[in-house]
Amino acid sequence: MFLPAISASLFIALLLTFGPHPSQASLTGGLIAADRGRFVREDGSTFRVAGTNCFYLAYSSGADDGSYEHAWVDEVLDEAQSLKLNVIRVWAFQDEWFERERALQPAPGVYNERFLVALDKLIIEASRRGLRLLLCLTNYWEDYGGAIAYVRWAAAAGESVSNRREDFFTSKSCRTWFKAFLSHVVGRVNTVNGVAYRDEPAIFAWEIINEPRYTGDSSGDVLQGWIQEMSRHVKSLDSRHMLTVGHEGWYGRSSPSRERDNPIGGAERMGGDFTRNFLIPTLDFAVIHLWADLWLKCDEDCKLAFADSWITGHLAEARQTFDKPVLLEEFGKWKPYESRDVFFRRAYEASTAPFSRIPSHAGGAMFWIMHPDNYPFNDDGFGV
């Protein structure tokens, strides 16, 4: 059980205040959509996200039956259901990182059906518990392969690249291979229940990439063009589900009055531009990340104040510009538990209607990261 990691009574009470998330035996409400600043069910009622991240669930679902790793999947899903969560963010990729025989894409254009069947089964198990999945399709960082795996493949194929992750966004080969990957996964039909992914209610949304950066580009043009290209491609495959990008939330040139709110020096030169990126019409909602312990060197009061301003500032920007919901997609807090309790409460209240100062565009929050009992890889200290 996960509850000792934070105050169980506080966390459950916190989630229950954000509207009904009833524990149920199956999913109801159909596909979720964005309507201006709100997430909505098919009947038009508001859907507020109370979620978590567990990036390795699809990978672990492909472990041998009866293994301790395979058991993690049921444990995490059961606990998410018992806490009345409604969305879990999962990596739906694995590009020749380790254990090549279990990689989804061990080489460009080569797809491992074992991983994909595991994803099929994960979708069904989530649906059975009334949970939806936010499926992320690649990563700027090296974990699970991501951008650098494509760049290495391009170099091996003879393309002139500098072996930086940033080459992923400009390489012709990388873009071609990634589009083929998107087509293969987003266009899939579940082998267990026969439902096309594009029609699957248990998929909350697709996310093109986690935390994209193009370091040194203050214009933001490279990422802007890449996001436009890839989002159009995903929407051509699945126009029913929502689509987003796993943005850290950096402000860029399009909102110069807010650049000083970036928490780390040079953030405006990392290629992302929150406002400009989410003005792209093929993106349905915005996301931000919040890592006060990693970004700031100050006391707990300072971090709480930053959390308030970071969340509220992005909600205000969304209301004033692109008019889409904003999801606090990643946030975490180091121990002690007392500090974590306070920070979690503040983050949820700031990011979730009706408690947010800007409830019209506050879509909810997803903490990082839910682990099973005795999970051996909690290296970042944020595991719950």
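The values are calculated or read from the model by the stated rules, or taken from the named source; none is laboratory data. As the structure is a computational prediction, the values presented were derived from the model and not from experiment. A quick note on method: Cβ atoms are made from the backbone with ideal geometry, for glycine too, and the neighbour counts reach across all protein chains shown. Ligands, DNA and RNA are stripped out before the accessible areas are found, and what is left, the full protein with its side chains, is counted by its heavy atoms. Shrake-Rupley method; radii C 1.70, N 1.55, O 1.52, S 1.80 Å.
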Hits in segment 118-129 - residues which are in a helix (DSSP H, G or I) and more than 25 Å from Arg175 (Cα to Cα):
Ala118, Asp120, Lys121, Leu122, Ile123, Ile124, Glu125, Ala126, Ser127, Arg128
Give Ala126, Ala154 a once-over and let me know the one that is touching a Leu at 6+ places or on another chain (Cβ under 9 Å) and open to solvent by less than 10 Å² (accessible area, probe 1.4 Å).
Ala126
Suppose the filter is open to solvent by less than 10 Å² (accessible area, probe 1.4 Å) and in a helix (DSSP H, G or I); does Ser60 pass it?
yes
The condition of being at negative phi and either open to solvent by 10 Å² or more (accessible area, probe 1.4 Å) or modelled with pLDDT under 95 (or both) holds, among Ala92, Ala25, only for Ala25
Pro263 fails exactly one of the following numbered conditions: (1) within 30 Å of Ala126 (Cβ to Cβ); (2) in contact with a helix residue (DSSP H, G or I) (Cβ under 7 Å, 6 or more places away or on another chain); (3) not hydrophobic (A, V, I, L, M, F, W, C). What is the number of that condition?
(1)
Selection within segment 157-174 - of a type outside the set (S, T, N, Q), open to solvent by 60 Å² or more (accessible area, probe 1.4 Å), on the phi < 0 side of the Ramachandran plot and over 20 Å from the mean Cα position of the chain (by Cα)
Ala157, Arg164, Lys172
Verdict on Ser356 being more than 20 Å from the chain's Cα centre (by Cα), under 16 Å from Asp308 (Cα atoms) and in contact (Cβ under 8 Å) with a residue 24 or more places away in the chain
yes
Could you tell me which numbered condition Arg253 fails, if it satisfies all but one of (1) out of contact with any Phe, Trp or Tyr (no Cβ under 6 Å at 6 or more places or on another chain); (2) part of a helix (DSSP H, G or I); (3) open to solvent by 10 Å² or more (accessible area, probe 1.4 Å)?
(2)
Single residue of segment 278-316 satisfying the filter (of a type in the set (Gly, Ala, Ser) and touching a residue at least 40 places away in the same chain (Cβ under 8 Å)) that is nearest to Lys333 (Cα to Cα):
Ala292
State whether the residues of segment 130-147 include one that is over 19 Å from the mean Cα position of the chain (by Cα) and either in contact (Cβ under 8 Å) with a residue 40 or more places away in the chain or assigned to a helix (DSSP H, G or I) (or both).
no
Buried (at least 20 other Cβ atoms within 10 Å of the Cβ) and among the acidic types (Asp, Glu): is that true of Glu259 in this structure?
no
Quick check: is even one residue across segment 99-119 farther than 16 Å from Ser61 by Cα, free of Cβ contacts under 8 Å to residues at least 24 places away in the same chain and open to solvent by 10 Å² or more (accessible area, probe 1.4 Å)?
yes
Just to be sure I understand, how many residues within segment 211-235 are on the phi < 0 side of the Ramachandran plot and either open to solvent by 10 Å² or more (accessible area, probe 1.4 Å) or not in a helix (DSSP H, G or I) (or both)?
16
Can you name every residue in segment 338-377 that is among the small types (Gly, Ala, Ser) and modelled with pLDDT of 95 or more?
Ala347, Ala350, Ser351, Ala353, Ser356, Ser360, Ala362, Gly363, Gly364, Ala365
For segment 184-210, enumerate the residues that are buried (at least 21 other Cβ atoms within 10 Å of the Cβ) and among the acidic types (Asp, Glu).
Glu200, Glu207
